[in-house]
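Structure first, then comments.
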Amino acid sequence: QTSDNGYIISGYTESYGNGERDAWLIKTDANGNEEWNQPFGGIADDYAFSIQQTMTGGYIFAGSTYSYDDTSNSDLWLINTSSNGSMEWSKTFGGVGYDRGYSVDQTMDGGYVVTGRTWTGSSTDFWLIKTDVNGNEEWSQTYNNGNADYGHFVQETSDGGFIIVGYKYIYSEEHYDIWLIKTDSKGDEVWNKTFGGDASDFARCVQQTKDGGYIIV
């Protein structure tokens, strides 16, 4: 929900834009009536997975792009727009493998924190990137279980650190478990917890609660 009581939606579209799939933003009023929509992307597949209104009234979204990666794989993609959806800046992060950004949160210092996944050459790791207000990287951290790990949501916590949730693959048991990681303000791990049963379990979102705990879905 936006400051004018409308809504901002992020996703992707094959109906509009420049290429195969394009990242897509839609702004509505309080009753869900479209005010504007804006695709972003190049000739290949591009996605928006998470969006938030910024302190200045614009929008920040995180996703992935195949259009602006020199290796023909995907990069984590971070785009800032004005209040009417016009692009103000775009940043990509990643290496030679498949990298994605699933969640973005504006931090108390005006910058941004993004979580997702990165291919390290032998495994897929949780990935946490902190940027300044202009999207320039300040630091980056990876967290791994030695197997396939996916960070799906991040939120800055009341102590200035971060809480990340996603899931990790347990090869010895041949299934995924929910993985929750708490970090300090520099992204260094403070603790991590695993949740799950005999089959695969996944988490897509976490929120800090009023008593200082966390709720995971």
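The values are calculated or read from the model by the stated rules, or taken from the named source; none is laboratory data. Just so we're clear, the structure is a prediction, and the values are computed from it rather than from any experiment. Positions of Cβ are generated from backbone atoms using ideal geometry, with glycine treated the same way; all protein chains shown enter the neighbour counts. For the accessible areas, the whole protein counts, side chains as well, though only heavy atoms, and no ligand, DNA or RNA atoms are used. Shrake-Rupley method; radii C 1.70, N 1.55, O 1.52, S 1.80 Å.
Couple of notes before you dig in:
- The simple spin-label model puts a point 7 Å past each Cα toward its Cβ; for PHE195 and SER140 those points are separated by 3.0 nm.
- Here SER86 and GLU20 are evaluated by their C-beta separation; at R0 = 22 Å the FRET efficiency comes out at 0.45.
- Two numbers describe the Cα atoms of segment 28-79: Rg and Dmax, which are 13.4, 43 Å.
- Taken along its principal axes, the alpha carbon cloud of segment 77-155 reaches lengths of 41, 25, 19 Å, longest axis first.
- Inverse of mean 1/r across different Cα pairs in segment 23-119, Kirkwood, Å: 13.7 Å
- Which listed pairs, of LYS27/LYS91; LYS91/LYS193; LYS130/LYS193, have C-alpha distances above 27 Å, in listed order: LYS91/LYS193
- Qualifying GluC sites (Glu not before Pro) in segment 1-110, DSSP loop, other Cβ atoms within 10 Å at most 15: GLU14, GLU20
- Accessible surface of segment 87-206 [probe 1.4 Å, protein heavy atoms]: carbon and sulfur percent: 44 percent
- Loop sites by DSSP among the trypsin sites (Lys or Arg not before Pro) of the chain, restricted to those with at most 13 other Cβ atoms within 10 angstrom, leave 1-185 as the longest stretch without any of them.
- When the chain is treated as a GNM with alpha-carbon contacts under 10 Å, the residue of GLY197, GLY11, GLY85 showing the greatest mean-square fluctuation is GLY197.
- Within segment 175-217, chymotrypsin sites (Phe, Trp or Tyr not before Pro) in DSSP loop having at most 16 other beta-carbon neighbours inside 10 Å: PHE202
- Values of log10 I(q)/I(0), in the order q = 0.22 Å⁻¹, for segment 64-106 under a Debye, Cα-only, solvent-free model: -0.72
- Averaged over its residues, segment 100-217 has an accessible area of 46 Å² per residue, based on protein heavy atoms and a 1.4 Å probe.
- One quarter of the surface of the convex hull around the alpha-carbon atoms of the chain equals 12.6 nm², the direction-averaged projected area.
- Of all aspartates and glutamates in the structure, the ones whose alpha carbon falls short of 15 Å from that of LYS168, not counting any fewer than 8 places away in one chain, are ASP125, ASP149, ASP177, ASP198, ASP201.
- Rounded to the nearest 20 debye, dipole of segment 147-195 from Cβ charges on Lys, Arg, Asp, Glu: 60 debye
- Charge dipole of the chain (Cα centre as origin; +1 on each Lys and Arg Cβ, -1 on each Asp and Glu Cβ, all else neutral): 220 debye, rounded to the nearest 20.
- For segment 82-100, the residues whose amide N sits under 20 Å from a probe point set 7 Å from the Cα of TRP36 along the beta carbon direction are 82-91.
- Accessible carbon and sulfur surface of segment 1-47 relative to its total accessible area, %, 1.4 Å: 38 percent
- Loop-resident GluC sites (Glu not before Pro) (DSSP state other than H, G, I, E or B) in segment 144-177 with no more than 15 further Cβ atoms inside 10 Å of their Cβ: GLU173, GLU174.
- When the chain is treated as a Gaussian network with alpha carbon springs shorter than 10 Å, the biggest mean-square fluctuation among ASN136, ASN192, ASN31 belongs to ASN31.
- Charged side chains reduced to their Cβ positions (Lys and Arg at +1, Asp and Glu at -1) give segment 104-217 a dipole of some 140 debye around its Cα centre.
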